[in-house]
Amino acid sequence: MKLLVTFSRKGGREPVIARTVKETGVLINVERANIDSMAGEVLVDVPDTDADLVCRKMRETGASVRILEESVLRDVDECIDCGACISICPQDVFSFDGEWRLVLDGSRCVLCGKCIPACPHHALSLLS
Amino acid sequence: MEKSIDLINTRIRDGNARVVTAEEMPAIVDELGEQGALAEVDVVTTGTFGAMCSSGAFFNFGHSDPPIRMERVWLNDVEAYAGIAAVDAYLGATQQSETRGDRYGGAHVLEDLVAGNTIELRALSKGTDCYPRTTLKTEITLEDLNQAVMCNPRNSYQCYAAATNSSDRALSTYMGSLLPHHGNVSFSGAGVLSPLANDPGLRVIGSGTPIFLCGAEGMVIGEGTQSSPATGFGTLMVRGEMRGMSPEFLRAATFTGYGATLYVGLGVPIPVIDLGVVRSTAVRDEDITTSIVDYGVPARDRPVVRTATYAELRSGKIEIAGEDVRTSSLSSFRKAREVAAALADRVRTGKMGLALPIRRIDATRRVHPLRETQRTPRVRDIMQRAVPHIGKDEEIATAARTLLKGETNHLPVLDAEGKLVGIVTTYDISKAVVQPKSGKKVSDIMTRRVIRTMPDEAVDVAARKLEQHNISALPVVDGDGRLIGLLSAIDLGKLFGGRWRR
């Protein structure tokens with residue numbers, strides 16, 4: 001399950017992720033992180049069964065956490081099933097089915113946006 | 001045994017021709033044998049759906065009142081070539097909009113026309129006695145045009161070289177996004193369904209061959225531009241009426257960093273007249289080999305990393321230098337299948353007859369590079385040869401003195417063998433003075449990943465490196481990495497006035 005963790009440096013410099021891993025024993029996979037001097041936003045992947053525990057612990061540390069359900073959006077009218085996105089995506093979100101139709105596994109998407117300019121038909125976008 | 005084209009056309013007219021797609025043919029030949037397949041199958045349909053930049057359309061707009069001799073013409077702000085009489089123009093697919101950048105181009109105008117959308121037509125003229133009008137602006141649709149003839153100089157490449165990128169920078173190319181360090185492979189072409197791959201000897205595809213073009217019935221005009229069937233890269237020049245085309249089989253696209261292009265759906269029905277045709281249409285993805293070339297090398301003759309069959313490319317990953325690299329297709333195999341199936345349906349139901357070429361295309365032709373009468377400048381022509389440099393174990397103070405003495409801002413750093421191992425600039429020295437803790441030796445403050453050039457590199461390529469990395473000088477090294485010169489932004493000035501020609 002993907003969790004979007006945001007925290008502010010104003011509340012101190014808590015090692016949010018490290019502390020959560022240490023105290024819950026849940027292995028957290030950091031998929032994407034954007035941290036500057038004032039605030040940070042980190043997208044992590046955790047096993048579904050541990051999501052509640054991880055959310056609770058992170059909130060205790062002062063971070064806000066929400067379950068990320070969005071993924072990249074595909075406009076099926078524009079998509080021609082070429083597959084240009086397949087080798088660009090670092091998360092293996094895209095693949096072909098047996099009929100060479102493009103399929104999208106949104107649960108793997110970390111909203112990095114790399115596929116968007118790679119699509120010749122502008123069929124991919126992120127939520128506004 | 002042979003089968004005449006008349007017999008095949010009679011069967012088509014009577015609605016009992018056996019029509020299969022090029023994807024189905026190999027298994028039929030396996031099952032029935034070559035003689036059996038020749039007796040059984042009358043027509044093999046092919047199809048491809050991919051980016052075909054060399055596409056466009058001729059238009060005749062009709063005369064206005066008062067009339068105008070259109071010298072320059074724009075369709076939705078995309079300029080069309082109007083140097084052909086008064087109210088004719090040719091719109092190329094890759095021509096870019098003057099107002100919307102690479103998100104809209106000639107290809108998008110063509111798609112809009114086929115979709116029935118309204119297009120703004122603008123024209124300018126100097127005005128003549130017979131054509132007094134000087135400006136014109138109106139709105140048109142495909143229905144309003146006298147003629148709208150798609151005429152594509154180079155379509156349906158027999159196969160296409162695949163692309164990868166050995167450099168350390170992501171590239172945006174007409175082969176799509178190429179990730180650094182061989183991060184992916186991008187390929188194009190329909191393989192088993194590719195029209196010319198099913199007739200590489202150009203025995204039955206030639207001038208006059210009826211084809212499926214973007215949903216309408218079209219025709220092969222003849223050899224395509226840049227055609228090189230002798231090397232496995234034949235092309236076709238084709239035409240078709242835009243009325244009758246469908247956005248299902250014609251799509252505008254943009255390759256980021258490259259520009260607009262047109263995805264064309266093209267299929268050729270191949271009459272099974274003899275064993276030669278049976279054999280050539282029995283081709284599979286496994287039999288069609290192409291090269292994977294390195295776009296990280298910015299030269300015309302890019303190095304081939306390896307060869308691969310379309311079966312390997314389509315499998316989703318391919319091995320390069322011991323590692324699995326993911327592959328992406330730019331053309332759509334699903335749509336290529338749709339083209340071949342739609343064409344098969346058209347022939348099967350008697351809507352489209354077949355013909356042998358009125359004139360055959362020369363299958364021995366090969367493409368040549370451009371004859372260049374002006375030598376393009378190379379780095380060696382304008383680089384500085386006597387370059388101040390310094391050893392990596394020298395003191396920073398020595399580096400500062402060398403920079404001052406040489407009146408330069410860039411000091412290549414060499415090891416004991418004279419090989420380039422770093423570079424220090426006046427900025428690095430200033431920083432070292434402000435932060436003395438960083439070290440005392442040149443090797444403590446030098447930049448180790450040096451962007452460099454070679455004497456044979458084209459100046460245009462070296463200049464792009466300066467721009468991309470936002471730097472002002474490149475050390476020039478020989479094949480062994482030894483320093484032989486320096487190319488600075490100032491040297492680029494030597495290109496003006498022809499001073500570089502020695």
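The values are calculated or read from the model by the stated rules, or taken from the named source; none is laboratory data. Worth saying up front: this structure is predicted, and the values here are computed from it rather than measured. Neighbour counts run over all protein chains shown; Cβ positions are idealised from the backbone, glycine included.
What to note about this one:
- Among residues of the range A:108-122 being of a type outside the set (D, E, K, R) and out of contact with any Asp or Glu (no Cβ under 9 Å at 6 or more places or on another chain), the one that is farthest from the other protein chains (Cβ to nearest Cβ) is A:113.
- Screening residue B:223 on (1) buried (at least 17 other Cβ atoms within 10 Å of the Cβ); (2) of a type in the set (Asp, Glu); (3) within 14 Å of chain A (Cβ to nearest Cβ) shows it passes everything except condition (3).
- Looking across the range B:105-129, the residues that are touching a Ser or Thr at 6+ places or on another chain (Cβ under 9 Å), more than 19 Å from residue B:148 (Cβ to Cβ) and not aliphatic (A, V, I, L, M) come down to B:125, B:126, B:127.
Every residue, every condition in (1) out of contact with any helix residue (DSSP H, G or I) (no Cβ under 8 Å at 6 or more places or on another chain); (2) crowded, with 21+ Cβ neighbours inside 10 Å; (3) without any contact (Cβ under 8 Å) to a residue 24 or more places away in the chain, yes or no:
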residue	(1), (2), (3)
B:10	yes, no, yes
B:40	no, no, yes
B:49	no, yes, no
B:59	yes, yes, no
B:63	yes, no, no
B:70	yes, yes, no
B:80	no, yes, no
B:100	yes, no, yes
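- Residues satisfying the stated conditions in the range B:83-93, i.e. of a type in the set (A, V, I, L, M, F, W, C) and more than 10 Å from residue B:61 (Cβ to Cβ): B:84, B:85, B:91, B:93
- Checking every residue in the range B:308-317 against the condition of being within 14 Å of chain A (Cβ to nearest Cβ) and on the phi > 0 side of the Ramachandran plot gives at least one match.
- Filtered residues of the range B:324-337 (kept if more than 7 Å from every other protein chain (Cβ to nearest Cβ) and over 14 Å from residue B:195 (Cα atoms)): B:324, B:325
- Yes/no for residue A:71 being within 14 Å of chain B (Cβ to nearest Cβ) and part of a loop (DSSP other than H, G, I, E, B): no
- Residue ID - nearest to residue B:452 (Cα to Cα), chosen from residues in the range B:404-418 that are out of contact with any helix residue (DSSP H, G or I) (no Cβ under 6 Å at 6 or more places or on another chain) and surrounded by 14 or more Cβ atoms within 10 Å (Cβ to Cβ): B:412
- Residues being assigned to a loop (DSSP other than H, G, I, E, B) and either in contact with a Lys or Arg (Cβ under 6 Å, 6 or more places away or on another chain) or more than 7 Å from every other protein chain (Cβ to nearest Cβ) (or both) - total across the range A:86-100: 10
- Residues within the range B:54-74 that are in the same structural domain as residue B:109 (by TED's automatic domain parsing), in contact with a Gly (Cβ under 9 Å, 6 or more places away or on another chain) and among the hydrophobic types (A, V, I, L, M, F, W, C), tallied: 1
- Within the range B:172-211, the set of residues being in a strand (DSSP E or B), within 14 Å of another protein chain (Cβ to nearest Cβ) and buried (at least 20 other Cβ atoms within 10 Å of the Cβ) comprises B:176, B:177, B:178, B:184, B:185, B:186, B:187.
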